[in-house]
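One structure coming up, written as structure tokens, with questions to follow.
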Amino acid sequence: MTSPQQPRQPGGAVLAAGSKQRLPLWDNARYLAITLVVVGHAILRLIDASDTSYSVYLVIYAFHVPVFVLVSGYFAKASPPGAKQLKRLVTDLVLPYLIFETIWTLVRWAVVGTLNLDLAQPSWTLWFILSLIAWRIGLPYLAQLRYPLLISVGVSVWAGYIGDITSEFAISRTLGLLPFFVLGWRLRGSDLTRRWLSWSPSTVIWWRVGAAALFAAVAIVVFTGIDFWREIGIRQFLLFDESYAAVGYDHWWAGGVRLAVIVVAVILSFAFLVLVPRRRTVFTDLGQATLYIYLLHTFVLYPFRESGVLEGDVPIWYLPAMIVFAIVVTFLLASKPVRTLLRPLVEPHPRWLLRRVSPSVDARGPGS
């Protein structure tokens, strides 16, 4: 086993302390997590009429957004932001949100005939951008607390009791999913990644067998009890989007359901990470383009979502076909030609808007 100062990758490369070299494990995780997000959105319209589709949907939604948030938290910084970091917050998140919210407003205008730009109500998947802005801004403050992870869990459970916490500015999901972001950040500061990368393949295989068995068990529980899961409306709890009362659970114990959902999501997220390849793969580099996939895939799926072709009693092969289609879409949207063509929208850097930040100013921090 390698020393903590020099964690060794599975392929033998040593990462020196403080090295900025990217670990394939986490880029692989980013790509596979966003792929699950796209698959979940692709099969959404199939779930009402198909128990099989709904079962697959529930298995995916039991952990796919939490693990995506966890991976995002892993790459977050808890240090006070300097001028450079604040500028990147604007270029990486704020501007893309404004651009794509405007685009979606124009799309709805073209389809429905109503023009209404409401920045407080993010369109479809854009809630994640607002949540990510809030998490990044709030993390340096949370990091000052003695038990940030425990506190974030308490905030998530508490938020579900407050009916005034709604989807405006994605506040409900921001608070509900906060524990996973904090967990990702804490995971980066722990020794778990180094240990996992240092284990021998013979040890790793047994962990992966166990993770696969866990997912198989969850799938069996979901498939065999699909009528029960429909009846209790578990899907609404998995979305973290509404108060307990809004989904029909105005009971004192409703927070226990969210807590159970959080625990299950954490367990499945770690099982997912165990199954993620540790070495470089054909999709490792694509893991650096997850924002392109996230912002663009909805435009590809929108015609399927709104046309009705996936609703009602459709052939069973629609489910695997949409899964394969989603995987292909994910791969294409992360490709270099797409990134080159759409970089001005996804990664805007308007020099006319942002002033140049000198290294000395960034070192002193804003307002120095």
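Of Tyr31, Tyr74, Tyr318, which has the largest mean-square fluctuation in a 10 Å C-alpha GNM of the chain?
Tyr318
Which length gain, in nm to one decimal place, applies between Ala245 and Lys336 when the Cα-Cα distance is subtracted from 0.36 nm times their residue separation?
Contour length minus Cα-Cα distance gives 28.2 nm.
Residue separation times 0.36 nm, minus the C-alpha to C-alpha distance between Val155 and Val328: what's the value?
The Val155-Val328 span can extend by a further 58.5 nm.
A follow-up question, please. Between Ala213 and Glu347, take the C-beta separation as r, use R0 = 45 Å, and let me know the FRET efficiency to the nearest 0.05.
Rounded to the nearest 0.05, the efficiency is 0.65.
Tell me the trypsin sites (Lys or Arg not before Pro) within region 173-256 that lie in a loop according to DSSP and have at most 15 other beta-carbon atoms within 10 Å.
Passing both the DSSP loop test and the Cβ count: no residue.
Filter the trypsin sites (Lys or Arg not before Pro) in region 99-150 to those in DSSP coil with at most 14 other Cβ atoms within 10 Å of their Cβ, and list the result.
Counting only loop positions with at most 14 other Cβ atoms within 10 Å, the trypsin sites (Lys or Arg not before Pro) in region 99-150 are Arg146.
So, one more: According to a simple spin-label model (label point 7 Å from Cα along Cα-to-Cβ), what is the distance in nm between Leu275 and Ser307?
3.0
Right, here's the next one. Counting helices only, and only those DSSP H runs with n ≥ 4, report the 222 nm mean residue ellipticity of the chain as the sum of -39,500 (n - 2.57) divided by its residues, in deg cm²/dmol to the nearest 500.
The helix-only estimate for the chain comes to -19500 deg cm²/dmol at 222 nm.
Related question: Just round it to a whole percent: the fraction of Cα-Cα distances in region 24-359 exceeding 33 Å.
27
On a full-extension model of 0.36 nm per residue, what is the gain between Asp51 and Leu106, subtracting their alpha-carbon distance, rounded to one decimal in nm?
Here the answer is 16.3 nm.
Each label point is 7 Å from the Cα along the Cα-to-Cβ direction; what then is the distance between the points at Ile162 and Phe223, in nm?
Inter-label distance under the simple model: 4.2 nm.
I've got another one for you. Taking the convex hull of the Cα atoms, report for region 247-368 its projected area averaged over all directions, in nm².
15.3
Quote the relative contact order of the chain in percent (integer), defining contacts as alpha-carbon pairs under 8 Å separated by 6+ residues.
Once divided by the residue count of the chain, the mean separation gives 33 percent.
Each value in this text was obtained by applying a stated rule to the coordinates, not by laboratory testing. Since the model is a prediction, treat every value here as computed from it, not as a measurement. Neighbour counts run over all protein chains shown; Cβ positions are idealised from the backbone, glycine included.
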